[in-house]
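S.K.: I'd like to ask some things about the structure below.
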């Protein structure tokens, strides 16, 4: 009896959020898939590890957003046992911490917060109006939010045009929105700021009990046994007669029905120069200083943001208050996030961060000790006004080769997942057409 060889799989190169989402989408569509990741674990920038002392440290302070649409299509977020940040924040004024509440979740706080004089009454009303607008918007990404504005512009220009005061921009927009986008001057596109505001109003920032790496792990765990191979660096994409037909790993050619390229931009350019990512040249980032103490921070589960613009630390996150699993019994963990300054001497960074944390928490300087400094110089690709029109497409000029990357949508794990979904849809259509 004649034996028929099984069809070659779709090969996904790269196990970040884009590659994992593409693989899972294709698998659910009935396609055989194999994913190869050069690192020792999947997840891209969503990485976590447990220290010898029992702390969970993410690769720089990161949060997940339970209102992001894309992850909810693939993962039951409740199974990650998330702890949630309070929907408000505390602003350090140089003398005290002033609460700012989510105007849609806590409408009574609009009146209360006016008395703080941190924001003007007009700012509070404008913020409530803007929050209501973004909730109604059908955006799925920062790209969508920017495109909906017609003419994209810097976030700070958008807030000026909306009539917000300098006090609002300096004490609210810069530390909260600029902090999340590594853009304290708000010179990047308005898209990330508006979409972030939408997510904060609609849901919460969360931390899974096992760290942020639990999200990519939950995707990988839904794939069949043997579908994911780590510590496997793809050396070359094999092309035959103008079509991608496989990959080469350690000298061995592995045939593929289709290749999905889901790596970082530099690796993508090396493996397939046709997958041009020319618009994505500059990256931005910072550093996170993790500190531990014996006493609980006096913040509850709220971020503390520097409203003075005079400190090195932009915000202090009470990590173990939000997710107790991040710290061993009897200890507490906070994360001090620094924007830029990635070349600063590590000892100077640690000491300044420790003093800033003590200042913002109004604690004694010795109350918190530095556990570790984690630098993330390439946390996001820069997203200046107009960039979304210049981002690459998922389709490439080469048959059998499709791109899956946040660089096709926006710089976020959610953008990567959307790109993975789009790439999988393209592969399914092309393979169905080829079969027909």
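The values are calculated or read from the model by the stated rules, or taken from the named source; none is laboratory data. Since the model is a prediction, treat every value here as computed from it, not as a measurement. Neighbour counts are summed over all protein chains in view; Cβ atoms, including those assigned to glycine, are modelled from backbone coordinates with ideal geometry.
S.K.: Of the residues that sit in the stretch 404-436 and are in contact with a helix residue (DSSP H, G or I) (Cβ under 9 Å, 6 or more places away or on another chain) and in a loop (DSSP other than H, G, I, E, B), which one is nearest to residue 214 (Cα to Cα)?
M.R.: For the stretch 404-436, the residue satisfying everything is 412.
S.K.: Here is a further query. If I ask for residues that are part of a helix (DSSP H, G or I), at pLDDT 95 or above, more than 27 Å from the chain's Cα centre (by Cα) and within 21 Å of residue 330 (Cα to Cα), which ones from the stretch 353-366 would you list?
M.R.: 358
S.K.: Take the stretch 38-69 and flag every residue that is modelled with pLDDT of 95 or more and more than 30 Å from residue 328 (Cβ to Cβ).
M.R.: Passing the criteria: only 38.
S.K.: Got a sec? Which of 260, 253 is crowded, with 23+ Cβ neighbours inside 10 Å and either without any contact (Cβ under 8 Å) to a residue 12 or more places away in the chain or not assigned by TED's automatic domain parsing to the domain that holds residue 349 (or both)? Can you show your working first?
M.R.: Working: 253 fails: crowded, with 23+ Cβ neighbours inside 10 Å.
Sole residue among the options that is crowded, with 23+ Cβ neighbours inside 10 Å and either without any contact (Cβ under 8 Å) to a residue 12 or more places away in the chain or not assigned by TED's automatic domain parsing to the domain that holds residue 349 (or both): 260.
S.K.: Let me ask another. Give the residues of the stretch 329-352 that are in a loop (DSSP other than H, G, I, E, B) and closer than 24 Å to residue 56 by Cβ, sorted by residue number.
M.R.: Across the stretch 329-352, the qualifying residues are 329, 330, 331, 342.
S.K.: Among the residues of the stretch 159-202, which ones are at pLDDT below 95, in contact with a strand residue (DSSP E or B) (Cβ under 6 Å, 6 or more places away or on another chain) and outside any helix (DSSP H, G or I)?
M.R.: Hits for the stretch 159-202 are 182, 184.
S.K.: Then there's this: Within the stretch 70-109, work out how many residues are modelled with pLDDT of 90 or more and assigned to a helix (DSSP H, G or I).
M.R.: The qualifying residues number 7.
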